[in-house]
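The values are calculated or read from the model by the stated rules, or taken from the named source; none is laboratory data. Bear in mind that the values here come from a model prediction, so they are computed numbers and not experimental data. Note: ideal-geometry Cβ built from the backbone for every residue, glycine included; neighbour counts use all protein chains shown. The accessibility values were calculated without ligands, DNA or RNA, using every heavy atom of the protein model including side chains. Shrake-Rupley method; radii C 1.70, N 1.55, O 1.52, S 1.80 Å.
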Amino acid sequence: MATLGFTALDFEVFSVEGFNERMQQIYAHVRPKLLRLGDELAPEIARRLHLEFFPHVARHARRTVNPPPETWAAFGPSPKGYKRFVYLALCISGAGIHARAVVKSEADMRPEMGRLLKARGAQLAKAFNGTGIARYDKWDFRQMPQEVAADADFFSVLSQSLEKKSGGIDVGFGWKVRDALRLDREELIDAFRELEPLYRVLRAAV
């Protein structure tokens with residue numbers, strides 16, 4: 001099976017000191033691969049999940065401090081952008097590769113998403129069947145966040161996060177660098193398929 005095409009150097013650029021230097025490395029080595037993967041994976045994800053997806057690759061602000069600790073290709077329901085919607089994301093950091101479902105604090109309809117998530121928490125717990133899943137909202141970008149069971153309590157906590165004024169969610173699966181180098185596209189798409197029940201519930205609120 002075809003791998004995603006990342007090399008060890010792509011993960012090492014996230015430890016480069018200095019904003020300008022790191023940005024140059026990200027744009028030279030990582031971003032072109034994400035642009036290609038976004039265009040190639042979006043129709044495949046759409047076919048597998050029977051939903052429409054449009055690819056968007058992160059554009060990091062040209063600040064002089066806080067170099068980005070990760071970057072990503074997002075797959076959302078609109079060609080005009082992704083941050084106002086729930087979206088799936090292929091993320092890369094110094095820790096590895098990540099397949100995630102994300103709702104940013106600036107997304108529309110977050111309270112409605114939270115209420116729907118709360119109402120369907122038991123159904124989602126059954127669909128995930130105890131699958132281990134990680135929360136990425138407060139992780140340190142160096143070590144993979146710990147996985148927990150995707151049970152009813154897990155979805156209840158997520159629903160509460162969405163109901164907060166500036167809350168959001170960021171959950172999914174990760175592969176450490178050693179495994180990420182061998183990660184193939186089929187395995188990545190399978191991870192998005194595992195996130196599909198959650199994505200569908202959140203998307204239904206919009």
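What the table shows:
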| quantity | calculated |
| --- | --- |
| Search result, residues across the stretch 1-24 that are within 11 Å of P68 (Cα to Cα) and in contact with a helix residue (DSSP H, G or I) (Cβ under 6 Å, 6 or more places away or on another chain) | V13, V16 |
| All positions within the stretch 137-146 that are out of contact with any Pro (no Cβ under 6 Å at 6 or more places or on another chain) and either among the β-branched types (V, I, T) or open to solvent by less than 50 Å² (accessible area, probe 1.4 Å) (or both) | M144, P145 |
| The stretch 116-132 - residue that is in contact with a strand residue (DSSP E or B) (Cβ under 9 Å, 6 or more places away or on another chain) and in a helix (DSSP H, G or I) and, of those, surrounded by the most Cβ atoms within 10 Å (Cβ to Cβ) | L117 |
| So L37, is it within 17 Å of the chain's Cα centre (by Cα) and either over 23 Å from G174 (Cβ atoms) or crowded, with 20+ Cβ neighbours inside 10 Å (or both) | yes |
| Criterion violated by Q24 - all others in (1) assigned to a loop (DSSP other than H, G, I, E, B); (2) more than 28 Å from K164 (Cα to Cα) satisfied | (1) |
| Qualifying position, being among the hydrophobic types (A, V, I, L, M, F, W, C) and part of a loop (DSSP other than H, G, I, E, B), among L9, L37, L51 | L51 |
| Residue ID - nearest to A99 (Cα to Cα), chosen from residues in the stretch 160-189 that are among the β-branched types (V, I, T) and in a helix (DSSP H, G or I) | I189 |
| Residue in the stretch 49-72 that is of a type in the set (A, V, I, L, M, F, W, C), open to solvent by less than 20 Å² (accessible area, probe 1.4 Å) and farther than 21 Å from G168 by Cα present | yes |
| Per-region count, the stretch 147-206, residues of a type in the set (A, V, I, L, M), closer than 29 Å to G94 by Cα, open to solvent by 30 Å² or more (accessible area, probe 1.4 Å) and free of Cβ contacts under 8 Å to residues at least 60 places away in the same chain | 3 |
| Residue list for the stretch 73-88, filter: in contact with a Gly (Cβ under 8 Å, 6 or more places away or on another chain) and either within 11 Å of V103 (Cα to Cα) or open to solvent by 10 Å² or more (accessible area, probe 1.4 Å) (or both) | Y82, F85, V86, Y87, L88 |
| Some residue of the stretch 100-107 being open to solvent by 60 Å² or more (accessible area, probe 1.4 Å) and in a helix (DSSP H, G or I) | no |
| Among the residues listed as D170, D179, D137, the single one being at pLDDT below 95 and not β-branched (V, I, T) | D137 |
